[in-house]
Amino acid sequence: MTQTEIRAVPASALGTRSAPPCTLVIFGAGGDLTKRLVTPALYNLAGAGLLDPALQIIGLDHAPNTDEGWRKALTETMQSFTKDKTAEFHPDAIDEAAWSWVRERLHYVQGDFAQPGTYDALAGRISGNAIFYLAVAARFFGTVVEGLGRAGLLEQTESSFRRVIIEKPFGSDLPSAKALNARILKVGDESQFYRIDHFLGKETVQSIMAIRFANGMFEPTWRREYIDHVEITAAETVGVEERGSFYEPTGALRDMVPNHMFQLLSVVAMEPPNSFDAEAVRSEKAKLIQAVRPVSPGDAVRGQYTAGRLLGHDMPGYRQEPHVSPESDTETYVALKLTIENWRWTGVPFYVRTGKRMAGRLTEIAVHFKSAPYQMFRNTPVDRLAANILRLQIDPMQGSITQFNAKVPGPTMSLGAVHTTLRYSDFFKEKPNVGYEPLIYDCMIGDATLFQRADNIEAGWTAVQPLLDLWSGDQGNVEGYAAGSAGPLGSHELLARGGHQWSPLGSA
């Protein structure tokens, strides 16, 4: 297949316009994020014909390298993914035409993020549209944005845009998030900053709004009168691996809750926007997060995995992992009961949990509906109806499971719980996706729907700040839970107080 065919065929088949020409500058060209996610996403976008032939990709990092050296290193990494089925991107083979299309557009620049000369040199290589991707440690976010501003690289014209993609974590608490927002907004306009959260790039997360708002069978019952409680789970079987030095000062709460978990919360609980215009959607998400009552310590549980057995293997405890203190009190698990103070959700608890080295890998939103108001079946062989639950499954399965009651075949009126299962792969052709493709593409076309605004970011930190304040003084108890378990005992007691229990970490 020629490069022209890569460009023309898939884009027209998708009915989607290709992105406009631009220069994509990746700060942190030699980093893990660039290798594992950004580069595969660009490869997949090229294969889908969604990138303009005039695209140029500049990688900038402090280590010495050349265009050819960077190209060779990324080629080797891409090929390694075909042998690594644990990677987010694991094709059976690399399409040489699509990768060649990306490869020949790669250029490398060596530079120090803190030196003005780096940005002056960069300015000489850029004209027209440009996107600056900050795939760097959070401590460099403000530095890079200010460097871009001083060099005039964020100045826009009527015919050209300048945009910045900023990775998470955006701040480490409310004061730092506010300070970072203030720092970057002195340099550019809010519309130029695309604060990224790759959870929102997952197709199944985006589809939640379609399920809610495009179906009359759901939206009328999506409220306190019909919903008893909601669970939001992001459980991982992996530990911290080699990331102990990052994880030690971070922990599960900072790493997952104000960003990933609250983004899932916002799409499942937001009010209907008046359109799917980016600002309309983002305003409703921000209003929802702003309605979350700051979490009290009594509604939160911290846990840390200890040695255990998972998937047939013995696993070390968190304190035995590389670069972790043997006296660490960093949480690898957190469970919260959230209260949303608005008309739709008053009285409906939202339970959120996320953890590492759990019994199963599962990202899911479970919506538990209230029981039928009049149980005419109370004298049947079952004394309690099974709960009606809609499970919106994000990972590893993509789809949904609905649980309801039905009659068991036979001469008597006996009831049993049944399930209907939707797998997206049964209805839609799966496309290669690491979660970053729609986000990079949307930034290129100027659609900010899937990105977080400053008010959304700050609202998330506001909700968890009481916990951060308490835990920073070593006052929050950290419970141990064995690797391969369903989390600390306290997390189950948190739900039991409301008469609820966590769903199993697996299919229903």
Query - Number of the condition not met by Ala508 [criteria: (1) outside the structural domain of Ala291 (by TED's automatic domain parsing); (2) more than 30 Å from Ser283 (Cα to Cα); (3) modelled with pLDDT of 95 or more] - result: (3)
Query raised in the report: Quick one: in the range 378-394, which of the residues that are surrounded by fewer than 19 Cβ atoms within 10 Å (Cβ to Cβ) and modelled with pLDDT of 80 or more is nearest to the chain's Cα centre (by Cα)?
Result: Ala387
Query - Output for the range 52-85, where each listed residue is over 21 Å from Leu134 (Cβ atoms), not acidic (Asp, Glu) and not in a loop (DSSP other than H, G, I, E, B) - result: Gly69, Arg71, Lys72, Thr75, Met78, Gln79, Ser80, Phe81
Requested in this report: Considering each residue of the range 22-52, count those that are surrounded by fewer than 17 Cβ atoms within 10 Å (Cβ to Cβ) and in contact with a Pro (Cβ under 8 Å, 6 or more places away or on another chain), and give that number.
Outcome: 1
Query raised in the report: How many residues, within the range 224-282, are within 18 Å of Arg302 (Cα to Cα) and small (Gly, Ala, Ser)?
Result: 6
Report task. From the list Ala454, Ala496, Ala483, pick out the single residue that is in contact with a Gly (Cβ under 6 Å, 6 or more places away or on another chain) and either crowded, with 17+ Cβ neighbours inside 10 Å or at pLDDT 90 or above (or both). Result -> Ala483
Query raised in the report: In the list Glu104, Glu146, Glu158, which residue meets the criterion of being within 25 Å of Met78 (Cβ to Cβ) and out of contact with any strand residue (DSSP E or B) (no Cβ under 9 Å at 6 or more places or on another chain)?
Result: Glu104
Query raised in the report: Is there any pair linking a residue in the range 192-214 that is touching a residue at least 40 places away in the same chain (Cβ under 8 Å) and under 17 Å from Leu362 (Cα atoms) to one that is of a type in the set (Asp, Glu) and not in a helix (DSSP H, G or I), with Cβ under 8 Å and at least six apart or on different chains, and which?
Result: Lys202/Asp395; Thr204/Asp395
Report task. Starting from residues that are touching a strand residue (DSSP E or B) at 6+ places or on another chain (Cβ under 8 Å) and surrounded by fewer than 23 Cβ atoms within 10 Å (Cβ to Cβ), keep the ones in the range 264-286 and report whichever is nearest to Arg344 (Cα to Cα). Result -> Val268
Query raised in the report: Given the residues Ser503, Ser472, which is the only one that is of a type in the set (Ser, Thr, Tyr), surrounded by fewer than 22 Cβ atoms within 10 Å (Cβ to Cβ) and touching a Ser or Thr at 6+ places or on another chain (Cβ under 8 Å)?
Result: Ser503
Requested in this report: Could you tell me which residue of the range 311-367 is surrounded by the most Cβ atoms within 10 Å (Cβ to Cβ), considering only residues that are charged (D, E, K, R) and under 18 Å from Ser296 (Cα atoms)?
Outcome: Glu331
Report task. Look at Asp442 and say whether it is part of a helix (DSSP H, G or I), outside the structural domain of Gln56 (by TED's automatic domain parsing) and more than 24 Å from the chain's Cα centre (by Cα). Result -> no
Report task. Residues being of a type in the set (Lys, Arg), surrounded by fewer than 15 Cβ atoms within 10 Å (Cβ to Cβ) and in a loop (DSSP other than H, G, I, E, B): count how many of those fall in the range 175-226. Result -> 2
Query raised in the report: Is there any pair with a first residue in the range 440-462 that is closer than 12 Å to Glu190 by Cα and a second that is surrounded by fewer than 19 Cβ atoms within 10 Å (Cβ to Cβ) and among the acidic types (Asp, Glu) whose Cβ atoms are under 9 Å apart and which are 6 or more apart or on different chains, and what are they?
Result: Ala448/Glu279; Arg453/Glu190; Arg453/Glu279; Ala454/Glu190
Report summary line: Over the range 275-296, the set of residues modelled with pLDDT under 95 and either in a loop (DSSP other than H, G, I, E, B) or under 27 Å from Glu493 (Cβ atoms) (or both) is Ser275, Phe276, Asp277
Query raised in the report: Any residue in the range 298-312 that is outside any strand (DSSP E or B), touching a helix residue (DSSP H, G or I) at 6+ places or on another chain (Cβ under 6 Å) and farther than 25 Å from Asp395 by Cβ?
Result: no
Report task. Please give the number of the condition Leu253 fails out of (1) closer than 15 Å to Arg195 by Cα; (2) touching an Asp or Glu at 6+ places or on another chain (Cβ under 8 Å); (3) at pLDDT 95 or above. Result -> (1)
Requested in this report: Might you check whether a residue that is assigned to a loop (DSSP other than H, G, I, E, B), touching a Ser or Thr at 6+ places or on another chain (Cβ under 7 Å) and not aliphatic (A, V, I, L, M) occurs anywhere in the range 414-437?
Outcome: yes
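The values are calculated or read from the model by the stated rules, or taken from the named source; none is laboratory data. This is a predicted model, so every value here is computed, not measured. Heads up, the Cβs are rebuilt from the backbone with ideal geometry, glycines too, and the neighbour counts pull from every protein chain shown.
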